[in-house]
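What follows is calculated from the coordinates using simple rules that are stated; it is not laboratory data. Remember, predicted model here, so these are calculated numbers, not experimental data. Please note: Cβ atoms are built from the backbone with ideal geometry, for glycine as well, and neighbour counts cover all protein chains shown.
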Amino acid sequence: MLKTQMSLAQQLTSFKGRHIRSSKELTLDDLNIILKASKYMETAHQRHALPPLLNNLILATLFFEPSTRTRLSFETAMIRLGGNVITVEQGTSSSAKKGERLSDTIQVVSQYSDVIAIRHPSSNSLQGLSSQVPLISAGDGSNEHPTQALLDLYTIYENFKDINGLKIGIIGDLRFGRTVHSLLNVLSNYSVTLYLVSHPSLGLSDEMKAELSSNNISFYETDSIEEVIAELDVLYVTRVQTERLTEPSLFDTIYQEYKDGLFNYQVNLELLNKGKPTVKVLHPLPRTDEISEDLDSDPRATYMKQAKNGIYVRMALLALVLGRIDADLLVK
Ligand code: NCD
């Protein structure tokens, strides 16, 4: 076996059985493998040549919060690789309604399935949960959404190849947006410059800013997208997480200001035309009003391909944690 293949094989072995609960657990080597495996899945899918890598395996999706893309793309990924799916949607049809502890639910479901994807409304609720099978976070409250960050990273990678050196703007709800938190963790493995654009009340926490600094990531904060648009290679747009504005005073000020157009950050053609012609606009979706529909057919709009990439990245992750990817598949 070649040296490169050997270390790849070792890295692949180290993925088997792993939980993916936080993007902080992923090293640069891990990210490189995930990008490579996702690319393999995309190419094989385009050639109608996906092997049934997950044959006879079962994914359990446990969603205690609404979801369209994340749950369906996990399930599509599993089925396209020959696996099967069992699901609990919205928690309303599960024993959580009867007061069952999350840890008990996981213990039981891990005896029925080979891998679990879980979304839960409480931040940090997945840390410390024990499971006999790999547990993959599909979002925990406003804390993290690691698989979304991986598909965001893959989308940036497929457009720019080298992530180092990119200038990335992130606009919207940096305080409660879990996709933002995980994306920042993942991007901290690269040499990027960040432009953080938000209403002052929805800015990044001091803790996360300190983490960026300790990872030597340069970042610039502003409440005006106009000020930075010309710099950007990537503009990552998020919606205000209105469901997480539970403090009435916060909800009243921000949501009202937003509705009144005082904090209006709608990304539209007029704004984008002030930027580089090569800028790529990403959004984890769902969108509310923060990207105008006139952008949808523009080549700079990348969010629909980004959503499709969720399938390839989740195929890659499922196959990796289930130990079903051989090194020779990735070096071909
Ligand atoms: C995101 C989420 O659930 O955090 N959606 C998704 O999974 N693509 C973003 C959001 O809801 O704003």
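Descriptive notes on the structure:
- Difference of contour (0.36 nm per residue) and Cα-Cα distance, SER224 to ALA9: 72.7 nm
- Isotropically averaged projected area of region 106-156, using the convex hull of Cα atoms (one quarter of hull area), nm²: 3.8
- Comparing TYR40, TYR157, TYR236 in a Gaussian network model of the chain, where Cα atoms under 10 Å apart are tied by springs, the biggest mean-square fluctuation is seen for TYR157.
- Förster radius 25 Å - calculated FRET efficiency between GLN266 and SER297, Cβ distance, rounded to 0.05: 0.90
- The share of C-alpha pairs in region 33-187 whose separation exceeds 20 Å stands at 55 percent.
- When the square roots of the Cα gyration tensor eigenvalues are ordered a ≥ b ≥ c, the ratio a/c for the chain is 1.5 or more and a/b does not exceed b/c, which makes its shape oblate.
- Proxy reagent accessibility, fewest Cβ within 10 Å first, across LYS98, LYS305, LYS280, LYS39: LYS98, LYS305, LYS39, LYS280
- Helical runs assigned H by DSSP (4 residues or longer) give the chain a calculated mean residue ellipticity at 222 nm of -11000 deg cm²/dmol, each run adding -39500 (n - 2.57) before division by the residue total.
- Percentage relative contact order, the chain, counting C-alpha pairs under 8 Å, at least six apart: 22
- Relative contact order of region 194-257, defined on C-alpha pairs under 8 angstrom at six or more residues apart (%): 37
- Centroid-to-centroid, using Cα positions, region 150-225 and region 10-28 are 22 Å apart.
- Subtracting the Cα-Cα distance of HIS48 and GLN256 from their residue separation scaled by 0.36 nm leaves 70.0 nm.
- Among beta bridges identified by DSSP and lying wholly in the chain, the antiparallel ones come to about 5 percent.
- Rounded FRET efficiency, nearest 0.05, which uses the C-beta distance separating ASN216 from THR87 and R0 of 45 Å: 0.60
- Considering only alpha-carbon pairs that sit under 8 angstrom and 6 or more positions apart, the relative contact order computed for region 122-273 is 22 percent.
- With neighbour counts taken as other beta-carbon atoms within 10 Å, the residues SER23, SER103, SER214, SER188 rank, fewest first, as SER214, SER103, SER188, SER23.
- For region 17-104: span of alpha carbons on each principal axis (Å, largest first): 46, 30, 23
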